[in-house]
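The values are calculated or read from the model by the stated rules, or taken from the named source; none is laboratory data. Since the model is a prediction, treat every value here as computed from it, not as a measurement. With ideal geometry, Cβ positions are generated from the backbone for all residues, glycine too; neighbour counts draw on all protein chains shown. Just the protein is used for accessible areas: all its heavy atoms, side chains included, with ligands, DNA and RNA removed. Shrake-Rupley method; radii C 1.70, N 1.55, O 1.52, S 1.80 Å.
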Amino acid sequence: MSMLLISLCCDPLSELEFVRPVARILGKCGINHHVKHYLEVTPKDIHSMDKVIICGSALKDEKFLKGEWFRWLENVDRPVLGIGSGFHVIAKAFGCPLINRTRIGIFNVKLVKENRLIDERNFYAYFLTKRVARIMRPLKTLAKTGNLDCIIAHESKSIYGCLFHPEVTKPEIILNFALRI
């Protein structure tokens, strides 16, 4: 199995916090992965990998939300997981409005729909975001923190998003995406 990890980080130093931990989790399980910055990703990169993870970024990073670079998500035939800012990319790609709302720290998450990313019905997760999304079709909500949607999935494709950062407190979500999806 091979995974493409897409970096949304404007500053390469941010990759130490948002990309490298995901790569470390995959590497410990022997999962091959390749990191590429979102501005350098080509259709060939996506189609040469089995799965794609769009990693998070620093709160100040916003350039990835501009332009149309993420339109490939509409037609992708590979499983995709968006983490943190990657959640925002997926929401935006499918027409969900992004709303300014800061959430930083560890918060309780409750499953509202069974899924293959996580089996626990209640757990704590680390959030670092200044945006949330109003989820609409074709996306659906799998988990919430309070009244905020924090795990989403496409209704007919293997596309998932976690508003929180599973690499911090729930690495099994990343492994379940790699091994179950």
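Pairs to check: 130/170; 92/157; 66/92; 66/113. Give those whose C-alpha atoms are more than 22 Å from each other in this structure. Each step should come with its number before you reach the end.
Numbers: 130/170 20 Å; 92/157 16 Å; 66/92 10 Å; 66/113 31 Å.
With Cα atoms farther than 22 Å apart: 66/113.
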#### Entry: Total formal charge among the other residues, if their Cβ is under 13 angstrom from that of residue 62, Lys/Arg +1 and Asp/Glu -1
+4
### Query
Projected onto the charge dipole of the chain (+1 at Lys/Arg Cβ, -1 at Asp/Glu Cβ, origin at the Cα centre), which of 97, 26, 69 gives the Cα projection farthest towards the positive end?
97
### Cut-off 15 Å, label 7 Å out along Cα→Cβ of residue 10, residues of the stretch 26-43 by amide N
38-39
### Query
Going through the stretch 1-97, which trypsin sites (Lys or Arg not before Pro) have at most 16 other Cβ atoms within 10 Å and a DSSP loop state?
60, 66
### Task
Tally up the carbon and sulfur contribution to the accessible surface of the stretch 2-115 as a whole percent, 1.4 Å probe, everything protein left in place.
52 percent
### Query
Under a 5 Å amide H to amide H cut-off, with H placed in plane at 1.01 Å, what residues pair with residue 81 once short-range neighbours are removed?
52, 53, 54, 160
## Note on the structure
In nm, the gap between the two label points placed 7 Å beyond Cα toward Cβ at residue 108 and residue 42 is 5.0 nm
### Query
For residue 156 and residue 2, FRET efficiency with R0 = 25 Å and r from the beta-carbon atoms, rounded to 0.05?
0.55
### Relative contact order (%) - criterion: Cα under 8 Å, at least six apart; region: the chain
21 percent
#### Entry: DSSP bridge orientation in the stretch 1-144 - percent antiparallel, rounded to nearest 5
50 percent
#### Entry: Modelled label reach - residue 77, point 7 Å along Cα→Cβ, the stretch 37-65 residues with backbone N closer than 18 Å
42-52
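Restricting attention to the stretch 77-181, which GluC sites (Glu not before Pro) occupy a DSSP loop and are surrounded by at most 11 other Cβ atoms within 10 Å? Mind dumping the intermediate values first?
Details: sites: 114, 120, 155, 167, 172; in loops: 114, 120, 155.
Here the GluC sites (Glu not before Pro) that fit, given the DSSP loop and packing criteria, are 114, 155.
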### Within straight-line cross-link reach of residue 51, aspartates and glutamates at Cα separation under 12 Å, skipping those fewer than 8 residues along the same chain
77
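Which of the GluC sites (Glu not before Pro) found in the stretch 8-111 are in a DSSP loop and have at most 13 neighbouring Cβ atoms, other than their own, within 10 Å?
Loop-located and lightly packed - 68.
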### Answer label for P(r) over Cα pairs in 10 Å bins from 0, in percent (calculated), chosen among [x] 10, 29, 28, 22, 10, 1; [y] 10, 44, 39, 7; [z] 9, 34, 34, 15, 6, 3, 0
[y]
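Which value, in debye to the nearest 20, gives the size of the charge dipole of the stretch 5-131 about its Cα centre, when Lys and Arg are +1 and Asp and Glu are -1 at the Cβ?
Working: 20 positive and 14 negative charges, 69 e Å.
In total the dipole reaches around 340 debye.
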